[in-house]
């Protein structure tokens with residue numbers, strides 16, 4: 001049976017942890033508000049790039065994929081996880097999702113330490129070819145993604161991979177996120193004129209579309225990666241905020257339960273002491 005001092009120390013310890021989880025929830029919530037504002041601008045940029053690419057993409061875009069060796073069936077996955085913990089099942093959900101679809105000769109570029117550790121601990125080393133731990137400074141993130149995009153498309157051009165896929169966690173609401181996979185070459189193209197010059201409300205192209213596509217393809221992939229990364233960061237903070245909130249509530253419930261035990265135990269001790277005093281008085285009489 002627990003002594004009164006042990007229960008008292010447990011209450012103090014849990015109260016200290018509750019202060020930490022409450023502070024972490026507050027920090028995650030503040031970051032979340034800031035990231036939501038940034039996501040609006042990033043989403044606008046990505047949408048404009050998407051619209052621009054839609055004007056170009058027709059059979060020329062599909063042909064880039066078909067130029068690859070037809071017998072190759074290996075896929076390259078770019079998986080975005082976090083480098084920090086205490087965000088619930090955020091990283092495990094991503095890793096389990098990618099694990100379930102990997103074929104024997106597929107490869108994974110892992111972004112984030114948690115995903116890398118998961119693959120190492122579950123004997124999935126054979127799939128890992130690159131590990132990227134992105135810096136906190138967002139100014140450098142897009143440049144790193146651009147370098148990665150050139151490398152990935154060069155590997156695809158050499159016939160090593162049939163598809164390039166991005167796996168990340170999509171932000172839906174403050175209470176819901178979802179693991180999402182983007183197949184880079186499954187672009188829903190908009191059929192346009194086969195003429196060399198195409199004009200619409202926003203864009204005017206004088207060069208052959210196929211040439212423009214090849215030039216901007218790495219930048220489009222970098223744009224997708226950058227947008228996915230920022231959305232994944234928001235999802236990470238959503239999960240962390242909800243996890244810390246749940247931890248704080250559990251700590252509060254546990255403290256209430258321990259205080260009840262503490263009061264009962266203290267009451268029993270006081271009652272026992274009173275009975276001993278009464279018994280001693282009766283003996284003296």
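We did not get these values from a lab; they are worked out from the coordinates using the rules stated. Please read all numbers here as calculations on a predicted model, not as lab measurements. Note that each Cβ is placed from the backbone with ideal geometry, even for glycine, and that neighbours are counted across all protein chains shown.
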Pulled fully out, how much extra length does the chain show between residue 211 and residue 147, if you take 0.36 nm times their separation in residues and subtract their Cα-Cα distance? 21.0 nm
Can you sort 75, 253 from fewest to most other Cβ atoms within 10 Å of each residue's own Cβ? 253, 75
Cut-off is 10 Å between beta-carbons; in what order do 156, 105 appear when sorted fewest neighbours first? 105, 156
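If packing is taken as the mean number of other Cβ atoms within 10 Å per residue, what is the order of 106-116, 86-96, highest first? Walk me through the intermediate numbers first.
Working: 106-116: 22.1, 86-96: 19.1.
Per-residue mean Cβ counts within 10 Å order the peptides as 106-116, 86-96.
Of the listed peptides 231-237, 242-248, what is their order by residue-averaged count of other C-beta atoms within 10 Å, with the highest listed first? Don't jump to the answer; show the numbers that get you there.
Working: 231-237: 25.1, 242-248: 18.6.
Those peptides, ordered most packed to least, come out 231-237, 242-248.
Suppose the chain between residue 272 and residue 185 were pulled fully straight at 0.36 nm per residue; how much longer would it get relative to their current alpha carbon spacing?
On the way: separation 87, 0.36 × 87 = 31.32 nm, distance 7.76 nm.
Net length gain for the segment: 23.6 nm.
I need 10, 240 ordered by Cβ neighbour count within 10 Å, fewest first.
Numbers: 10 16, 240 24.
Fewest to most other Cβ atoms nearby, the residues stand as 10, 240.
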